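A short write-up of the structure that comes next.
Laboratory data are not the source of any read-out in this text; all were calculated from the coordinates shown. As the structure is a prediction and not an experimental result, all values here were calculated from the model. As a convention, Cβ positions derive from the backbone with ideal geometry for all residues, glycine included, and neighbour counts pool all protein chains shown.
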Amino acid sequence: MTKKIIIAGGGTGGHIFPAIAIANAIKKLEPSTEILFVGAIGKMEMEKVPQAGYEIKGIDIVGFNRSSLIKNVGLPFKVLKSFMQVRKIFGAFHPTAVIGVGGYSSFPVLKYAQARNIPSFIHESNSFAGKSNKMLGKKANKIFVASEGMEKFFPASRIMISGNPVRKSISESNVSREEGIKFFGLDPAKKTILSIGGSLGAKNINEALHKNLEEFEKNGLQLIWQTGKPFAERASERAGGKSNIWNGDFITKMEYAFAAADLVISRAGAMAIAELCVMKKPVVFVPYPFAAEDHQTVNAQSLVNKNAGILIKDSEALDKLVPAIIALAKDEQRQTELKNNIAKLAVTNADEIIAKEILRTIAE
């Protein structure tokens, strides 16, 4: 019988790209498997999933707004509507299993599956589990995690340490530094810094670079600056005419960016960290402080403790970020230390580990 799997979740690249990696691994192991994605209408997954060659159904769901409680007035109605939409999707597709990758669209899908005893699986990428995943974990068949000590969130017997799936375009990339530099139209003789504030951009990282942009040229450095859409226009105006700066709202070919980069400025989402470990890059982390339970700071701190990264607080980025990255660019020994230590944390086959375990479980 053909296996039919729903993969639910999204909201950011950190949820979408591992979901696609898991889907690809399942298809590679069992090509006859039918896969359907479910995401939140208006979110990034509605664009990125079809680009990867998969069908996606959208549901009307929003997350709990922590900053403005008044905005949550309509939330119960949205949740109810999303459950009705999920029931319709299940009725048409008849899934044999459901996988949740995080992001609020995964909640109604997994909750509905669990109420009907359909096998459910969770991938928790962060070292601090989100609220909905904690609730769903009680009934999930398996919870795939990237870090140890997750028993405080989930039943120990259901946890499997798999690591975080990294896009094959990155983990199996053979793009050379020269090709990467050429792709961005930069100078191969200069040290290159890559700034990736996450797929949606990062305000304080962008403000810090905007304020101190001349410092890069003064110190013989060049910058690949992914700004996110909200900051794209300001960055373009500021970087205009500077041959040592490439800027754009989104980098589609991240393998070229990683190949070109000697050092990286990054948020500390779990997927960004997984990719940086695989690519063996010295990194200055600026954790997003409003992530649930401040989990990005927890993620980054665990690397700092292993001497595998540098941490600058988001609130201090404006004054401290650019001096920190320039100091690191001049310190070859520190770069080598960070590179060697982050490389030890790399997992390249997490997608296969997860896909095999899911297929094995639903075959039983």
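Tabulated results
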quantity: Dipole of the chain [Lys/Arg +1, Asp/Glu -1 at C-beta], most positive-end residue of Ala329, Ala189, Ala355; calculated: Ala355
quantity: Normalised contact order of the chain, rounded percent, pairs of Cα under 8 Å and 6 or more residues apart; calculated: 16 percent
quantity: Within-11-Å neighbourhood charge of Ala92 [Cβ basis; K, R +1; D, E -1]; calculated: +4
quantity: Additional length obtainable on full extension of the chain from Arg360 to Leu29, 0.36 nm per residue less Cα span; calculated: 118.1 nm
quantity: Peptide ranges 171-180, 111-120, 188-197 listed from the most packed, as the mean C-beta count within 10 angstrom indicates; calculated: 188-197, 111-120, 171-180
quantity: About the Cα centre, charge dipole magnitude for the chain (Lys/Arg +1, Asp/Glu -1 at Cβ), debye; calculated: 1100 debye
quantity: Cβ-Cβ FRET estimate between Lys211 and Glu332, R0 fixed at 25 Å, reported to 0.05; calculated: 0.40
quantity: Electrostatic dipole magnitude of segment 170-343 [Cβ: Lys, Arg +1; Asp, Glu -1; Cα centre; debye, to 20]; calculated: 140 debye
quantity: Modelled label reach - Glu237, point 7 Å along Cα→Cβ, segment 207-231 residues with backbone N closer than 17 Å; calculated: 207-214, 227-231
quantity: Paired Rg and Dmax values of the chain, which use every Cα atom, in angstrom; calculated: 20.7, 64
quantity: Separation of alpha-carbon centers, segment 217-233 and segment 122-140, rounded to whole Å; calculated: 35 Å
quantity: Positive-pole candidate from Gly103, Phe250, Ile205, dipole of the chain, charges at beta carbon; calculated: Gly103
quantity: Options Pro289, Ile7, Ala146, ranked by Cα towards positive dipole end of the chain, top entry (Cβ charges); calculated: Ile7
quantity: Highest average packing first - 263-276, 136-149, 328-341, Cβ atoms within 10 Å; calculated: 263-276, 136-149, 328-341
quantity: Over 30 Å [Cα-Cα, segment 170-343], rounded percent; calculated: 8 percent
quantity: Additional length obtainable on full extension of the chain from Thr252 to His94, 0.36 nm per residue less Cα span; calculated: 53.5 nm
quantity: HN-Hα J in Hz across segment 121-127 - Karplus 6.51, -1.76, 1.60, θ = phi - 60°, x for Gly and Pro; calculated: 10, 10, 10, 9, 7, 8, 7
quantity: Subset of Lys218/Lys320; Lys168/Lys218; Lys48/Lys88 violating a 25 Å alpha-carbon distance limit; calculated: Lys168/Lys218
quantity: Additional length obtainable on full extension of the chain from Gln51 to Lys306, 0.36 nm per residue less Cα span; calculated: 88.1 nm
